[in-house]
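Input: a single structure, listed below in C-alpha cells.
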Amino acid sequence: MSVSEIIEELPKLNKQELEHVISKGRELLESNDDKEAIAGGWRRFAGAVRGLPPDMALNHDHYLHGLPKK
C-alpha cells in the first residue's frame, strides 16, 4: 500500500482508530531514531582495529566460524 493510499483511508477511521495510528506512528519514529543513534555510536569504531583482512566485513563468518568465503 502506498503512502497516498494510506492517507486516503485516514478520513474513514473513527477517533479511537486514528489515535491508535498516530500513537503507532510516533512509536515507529522514536524506534527509528533510537536505531540511528545506536548505529551512529558504532560507526566511530569503524576502521579502529588494525591488522584484519581487507574482506573481514564480507567474510566474517569465514574468519570466525570457518565457513566458506562469500
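The values are calculated or read from the model by the stated rules, or taken from the named source; none is laboratory data. If you're wondering where the values come from, they're calculated on a predicted model, not measured in any experiment. Every residue, glycine among them, receives a Cβ derived from its backbone with ideal geometry; neighbour counts consider all protein chains shown. Remember, those area values only see protein heavy atoms, side chains included, never the ligands or the DNA or RNA. Shrake-Rupley method; radii C 1.70, N 1.55, O 1.52, S 1.80 Å.
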For the range 49-70, which residues satisfy the criterion of being in a loop (DSSP other than H, G, I, E, B), loosely packed, with under 10 Cβ neighbours inside 10 Å and under 25 Å from the mean Cα position of the chain (by Cα)? 49, 57, 70
Pull up the range 39-48, narrow it to residues that are outside any helix (DSSP H, G or I) and open to solvent by 100 Å² or more (accessible area, probe 1.4 Å), then point me to the one that is farthest from residue 70 (Cα to Cα). 44
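Residue 19: modelled with pLDDT under 90 and open to solvent by 90 Å² or more (accessible area, probe 1.4 Å), yes or no? Spell out the reasoning first.
On the way: modelled with pLDDT under 90: no; open to solvent by 90 Å² or more (accessible area, probe 1.4 Å): yes.
For residue 19, the condition - modelled with pLDDT under 90 and open to solvent by 90 Å² or more (accessible area, probe 1.4 Å) - is not met.
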Log entry, pairs with first residue in the range 1-15 being open to solvent by less than 100 Å² (accessible area, probe 1.4 Å), second being not basic (Lys, Arg), beta carbons closer than 8 Å, six or more apart or on different chains, reads 10/18; 10/21; 13/21
In this structure, is residue 36 at pLDDT 90 or above and either open to solvent by 90 Å² or more (accessible area, probe 1.4 Å) or in a helix (DSSP H, G or I) (or both)? no
Checking the condition hydrophobic (A, V, I, L, M, F, W, C), out of contact with any strand residue (DSSP E or B) (no Cβ under 8 Å at 6 or more places or on another chain) and modelled with pLDDT under 90, which residue from 29, 10 passes? 29
